Structure formats: structure tokens, C-alpha cells
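First the structure, in the form of C-alpha cells, and then the observations on it.
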Amino acid sequence: MIRILLVEDFEPYRSFVTLLLADNIHFQVICEAADGLEALEKAKQLSPDLILMDIGLPKLNGLEAARRIRELLPTSKIVFLTEEADADVMREAFNLGATGYIFKQRTRSDLLPTLAAIVQGKRFVSVGLAGESAPANG
């Protein structure tokens, strides 16, 4: 069972992601957070296996939250769920150790394949983002 911390400030989207994962026996959302500071605190408390995180978060953006979480929990995997399609932002996310980068509009089609790729030790990028195609091995 992969234990997931879901970090997203828009509650309907959090509910959507939780619902997508609800029937999968391999993944369990153990906690949700609505901003970067809360994500940092919950990550410290729970040591999740995987963190699904937005980039545009209040209080502390997702990239900075990921940087701090990476220092505390170097083995936790981080997947960004974002509307940010800029190649520089995506590059920074992977430089911080992200294992996946999903464009929010592709969540329904890309979330489970991303998680499957990550379990196999691969990286995943949504098709069409910054000229990348999924999956991105590495």
C-alpha cells in the first residue's frame, strides 16, 4: 500500500483526485493539505510514501514546499499536479527530485499511469507538456 499526502488548495479538485484513487487497493490518501506550510507539517508528521502536490499553493508554493520536504524526507516521492506548463518550472520540479509532473487537465487519464510508472522506478510527464511525452524514464 502506497501512502499518499495530497496537497491542493482547491477542495473540489482534491475530492476528484481522492475519488480517482478510492477504488485502487495499491494507493491510499492518508491526509490532505490545503497549502504549502500545512503540507510541510503533515509530511513531517506522517512520512508519506508519495506526495501529490500542486505548485500554485498559498502560504508556501509547491516548489518551495517540495524543496523543504525533500530535505526532511529524501525517500518520499513527489508528483506535481499543476496547471503550470512552463518548461523552466517543470525542469525545476525535476531538479528538486520530482518523479512525476501531471497537467491538471489530464489528471483523469494520467494519474494512475503516473503512479504505476513511479512504482516501477520511472518518471512520468503528461503528454504535451513542454514538448515531453509520457512516460519519461529516468
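The values are calculated or read from the model by the stated rules, or taken from the named source; none is laboratory data. Here the structure is a predicted model, which means the values were calculated and not measured. Positions of Cβ are backbone-derived with ideal geometry, glycine not excepted, and every protein chain shown enters the neighbour counts. What goes into the accessible areas is simple: the full protein's heavy atoms, side chains included, and nothing from ligands, DNA or RNA. Shrake-Rupley method; radii C 1.70, N 1.55, O 1.52, S 1.80 Å.
Structure data summary
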read-out	value
Per residue accessible area of the chain, 1.4 Å probe, in Å²	48 Å²
Table column - 3J(HN,Hα) (Hz), region 87-100, Karplus curve with 6.51, -1.76, 1.60, x for Gly and Pro	4, 5, 5, 4, 4, 4, 4, 6, 5, 7, x, 4, 10, x
Fraction of accessible area attributable to carbon and sulfur, the chain (%, probe 1.4 Å)	51 percent
Candidates E38, E92, E64: whichever shows maximal mean-square fluctuation once the chain is modelled as a Gaussian network with Cα springs under 10 Å	E92
In region 1-86, chymotrypsin sites (Phe, Trp or Tyr not before Pro) in a DSSP loop with at most 15 other beta-carbon atoms within 10 Å	F10
Long-range amide H partners of F124 with built H, under 5 Å	G100, Y101, A136
Label assignment, semi-axes √(5λ) of the Cα gyration tensor in Å derived from the structure, set (1) 32, 15, 10; (2) 19, 17, 15; (3) 21, 18, 16	(2)
Lys pairs under 24 Å by Cα in the chain, provided they are eight or more residues apart or on distinct chains	10
Other-chain or far-sequence residues with amide H under 5 Å of V7's (modelled H)	A33, L52, M53, D54
Convex hull volume per residue in cubic angstrom - Cα atoms of region 71-129	78 Å³
